[in-house]
Amino acid sequence: MVTSYITGDNNDNEDIQKTATVEEDESLATEIKITNEDLKFVIDTMKKEAPSDLVSIKQLLYGMASAFTKCPIHHSVNSRKTGAGKTHDLTLVSSYFPKKYVIVLAGMSDKALFHRHGINVIVDENTGNTMPVQPIIEDLKSKIENLQGDKKKNKKEIEKYQYEIEELNAKSQKVN
Amino acid sequence: MKLKNLMQSLKKLIELDNKIFLFLDTAQEGLFNTLMSMISQDSNDQLYEFSDKSNTGKIGSKINRLRGTPTIFNTQVIDDTRQVRYQEKNRRLIHVIPNTSTEKIHSAMGLIGQRYGLVDEEYGIQVVSGADKERAKEIVSIMTDKLIDHSKLLGPKESGVKISFTKSIAHGIHKGGDIGEWGMTVMDRVMRYLTIITKVNMDSRPRIIDTKTGKFYPISTFEDLREALDLMGMASSMLRPYVAHWYNTVFLPTFKELPDEHHKVTKEIKGLESEKQQITIMQETEIGLTSKELAQKTYEIMNIPISVDGVRKQYLYPLSNMGVINMTRSVINRSENLYSPVEDSVFSLFDDDGDSRLKICDFRLYPNKRIIEEEYRTIVKHDAKEGVEKFSKIQDTGHRWY
């Protein structure tokens, strides 16, 4: 892990530090060359715990690596009888991938994937581009704060905004 | 008012790229039905509209936007060929079959013993060390970062790889004959495997670099193709590979041994002048094999003891559901079915199980130096038109690639 080069004692600096570390990690990863020997080492290491399933291991390794490209390869591991080592091969290969990318499920209902955690966005109807909605809400909140300078005059307007923000947040939480 | 408008156009964005989903148990039939268009990458963003209740109790519709495609891995034993949409699912998921040979079972039993019976240090020395595992994980982690970085500038279904012998591969699959729609699925699978194998080896492959955008295309080598074809022996099968193997080694040879006449039950009777005559009492309408006969043949040929019911469930029903064999009721024994082949053989990419090479029957498509150079003509021509400022350059890593 690369250590951050930015120092500071407030929260903003911590965020910058984290971002810088991630970016540095990524650029470092792209600078490091992976040789044929490195890949052979990975396959040989995996093979030690499933010596007779080399073809299956390679299929799963390349299949899982394809998750990080625009051409994913989906696989179905099956066998004539139970106990052939399907789950073993699958968990073995997946254990070498960073945990943050692997989601192990004992089961999933039909529509569960469509309700996974996500961020709220609005879509530009002309370009089709998406924009996160949270910064816009924050902006409106700050406007409300400004209106609070003259509470009596802006009372109705402030209450209306507050109610709508609450409703918006409540809805988002419920769906998530 | 602005917030109200905002609220109405609000959508949840769910990012699914760079995710590996492992279904460790047989997934519900409906799950794959709903995922079909997503795993086909029909579009980058897909909308899912559903009804939901608001805080005030009003029912309305909401939309979630799903971006990207997760990579799915499923495990199962049970036969699902009878499902209505099985063929669609079968086309999208490549079969992986763990080895079940006697040698594998013996070595796996040894490993199970070591896993339970050794302390960590012994396991590290005798099987695999923790340090080696950590190093392998580190390499895989760097590899994933590189793949993500390379894919940043690519759109859905864009490979980002230059393959100079695609025409040869296509010809090696169809060999100039009629192989049906499955041929396209096989071609797609070869290309996907070849693409990812080239990409994980991208640091040791020559590449074409777009000098304007910085986008680069690693160039596939024959070494990558060989690795891809080694996997295609298993991955090109329309059926589960053990079913295809049984069909080719047990079912077809046994069926070919049958006489050309329809099976019949006859009775000997005496004629008016006391001569003997054979009269037909019952006759089958089809030529075919019974499950009992096939269970016996499975044991004789493959040395696998299997029950009559087992033959039906593991081999005959999946083959019948896939339309590879016919199933008709026996006239002589009404409790039996007769099974006969629809096709002479099931699709096989290679002529020989142990030889993963494609045969190129047309010499003009054999991927020699001239054919490969021809593949770069477009880039060279484009560069010449552009003058001094080239849009791309080829960078060699010193790896011998042809």
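A few remarks follow.
- Cα-derived Rg to Rh of the range A:36-101, Kirkwood definition: 0.96
- Alpha-carbon Rg/Rh ratio, for the range B:182-292, with Rh computed the Kirkwood way: 1.47
- Dipole magnitude of the range B:2-92 about its Cα centre (Cβ charges: Lys, Arg +1; Asp, Glu -1), debye to nearest 20: 600
- Each peptide in B:21-34, B:217-230, B:173-186 gets a packing score, the mean of other Cβ atoms within 10 Å over its residues, and the list from highest to lowest is B:217-230, B:21-34, B:173-186.
- Mean partner shielding of peptide B:109-117, defined as the number of other chain Cβ atoms within 10 Å of each residue Cβ, is 1.
- Using alpha-carbon coordinates, inclination of helix B:130-151 to the longest axis of chain B, degrees: 70
- For the cross-link pairs A:Lys33/B:Lys162; A:Lys86/B:Lys175; A:Lys153/B:Lys11; A:Lys81/B:Lys89, the ones whose C-alpha atoms lie over 28 Å apart are A:Lys86/B:Lys175; A:Lys153/B:Lys11.
- Over the range B:2-92: Kirkwood hydrodynamic radius from C-alpha pairwise inverse distances, Å: 15.6
- Residue (of B:Ser168, A:Met131, B:Ser340) at the positive-pole extreme of the protein assembly as shown, dipole from beta-carbon charges: A:Met131
- Cα-derived Rg over Rh, computed across chain B with Rh taken as Kirkwood radius: 1.08
- Checking every one of the trypsin sites (Lys or Arg not before Pro) in the range B:52-132 against DSSP loop status and a limit of 15 other Cβ atoms within 10 Å picks out B:Lys58, B:Arg82, B:Arg85.
- Helix axis angle, B:291-302 relative to chain B longest principal axis, alpha carbon, degrees: 60
- Per-residue [θ]222 nm for chain B (sum of -39500 (n - 2.57) over DSSP H runs n ≥ 4, rounded to 500): -12000 deg cm²/dmol
- Close amide H pairs (under 5 Å, H built 1.01 Å from N) link B:Ile304 with B:Tyr299, residues at least 5 positions away or on another chain.
- Close lysine pairs were tallied over the range B:289-385: pairs 8 or more places apart or on different chains with Cα atoms under 29 Å apart number 5.
- Folded to 0 to 90 degrees: helix B:182-200 orientation relative to chain B principal axis, Cα: 40
- In a reduced charge model with +1 at each Lys and Arg Cβ and -1 at each Asp and Glu Cβ, the protein assembly as shown shows a dipole moment near 1440 debye about its Cα centre.
- For chain B, with +1 on Lys and Arg beta carbons and -1 on Asp and Glu, the positive-most of B:Ser356, B:Pro367, B:Ile304 along the dipole: B:Pro367
- From least to most packed, judged by other beta carbons within 10 angstrom and beginning with the fewest, B:Leu258, A:Leu39, B:Leu338 follow the order B:Leu258, A:Leu39, B:Leu338.
- Dipole of the protein assembly as shown, positive end: most advanced residue of B:Leu22, A:Phe97, A:His115 [Cβ charges, Cα centre]: A:His115
Just so you know, all these numbers are worked out from the coordinates, no wet-lab data involved. What you are looking at is a predicted structure, and each value in this text was computed from that prediction instead of being measured. Heads up, the Cβs are rebuilt from the backbone with ideal geometry, glycines too, and the neighbour counts pull from every protein chain shown.
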